[in-house]
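Peer 1: Take a look at the following structure, please.
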Amino acid sequence: MLTWPPSTSSSRRSKSSGCKRRAGWGWRLLLLTLTTVLLPDPAVAAVGLDEAVGRLEAAYRRVVDLRAVFEQAAFNRTLGRTVDARGTLYLKKPGKLRWEYLTPTPQEIVSDGAKLWVHTPQLKQVNVSPAPQALTGPAGSFLQGLGQVREHFHVRFLNPAQPTDADGLVLLDLTPKRPEPLLARLILAVDPGTWLVRKAVVYDELGNTVTVRFLEVAVNPGLGDALFVFTPPPGVAVVPTPGARP
């Protein structure tokens, strides 16, 4: 199962060893601890779990493509270190993606559903490999997967007695029916006005997390397919991703 977003904490090697694939391509995010006890929002409290999941699925079934600014925090439990990143993402069904990292190091991750490119300008190198098959499947594609949540996940409210956080976002706790090492748990913070995800936290089996906040979200902006094809700039070395199958 391939998940999003890519992790910046292990996305590149030193110049001597070259660029390597972002470990896990998974959502690994740091879950924020809620310290304020609030009374449930009556409007949200009146929505049961089944209805909340149904509204989330319906919202993403209507999404063909999506553009958003993102803020990412990748937490490595072993090192006790968090790496922050920011950039813009573009998604399109089925299985197309483009992540443009501005910080901490400029990098592009692009897939047209057939090939996957990881371009690190600082290294003047792009790694290319066949796109993992899971990328186009409903469990791996963000847009398609959130349109079929109940098919692939066990779902509950993170706190049934308090289904929203301090910002009024509905908190859903998802466990894959077929767990993967890089996706053991997924927490979603959903806007009850639009039923779009505003924050996601991915846990892997080792307890590492990646937290992604989605800002300035544009739904169905009409993204062209050319956006998801990468053309190496002049002078950039094209290197097959180590271990990738042809």
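No lab work stands behind these numbers, since they all come straight from the coordinates. Just so you know, these numbers come straight off a predicted model, no measurement behind them. Cβ coordinates were reconstructed from backbone atoms using ideal geometry, including for glycine residues, and neighbour counts include every protein chain displayed.
Peer 1: Within segment 216-229, can you find the residues that are touching a residue at least 24 places away in the same chain (Cβ under 8 Å) and closer than 17 Å to Val63 by Cβ?
Peer 2: If the condition is that a residue be touching a residue at least 24 places away in the same chain (Cβ under 8 Å) and closer than 17 Å to Val63 by Cβ, then Glu216, Val217, Ala218, Val219, Asn220, Pro221, Gly222, Leu223, Asp225, Leu227, Phe228 are the ones that fit.
Peer 1: Working only within segment 188-203, note down all residues that are in contact with a strand residue (DSSP E or B) (Cβ under 7 Å, 6 or more places away or on another chain) and either in a strand (DSSP E or B) or in contact (Cβ under 8 Å) with a residue 60 or more places away in the chain (or both).
Peer 2: Within segment 188-203, Leu188, Ala189, Val190, Pro192, Leu196, Val197, Arg198, Lys199, Ala200, Val201, Val202, Tyr203 qualify.
Peer 1: Can you name the residue in segment 53-109 that is farther than 17 Å from Val201 by Cα and among the basic types (Lys, Arg) and, of all such residues, is surrounded by the fewest Cβ atoms within 10 Å (Cβ to Cβ)?
Peer 2: For segment 53-109, the residue satisfying everything is Arg62.
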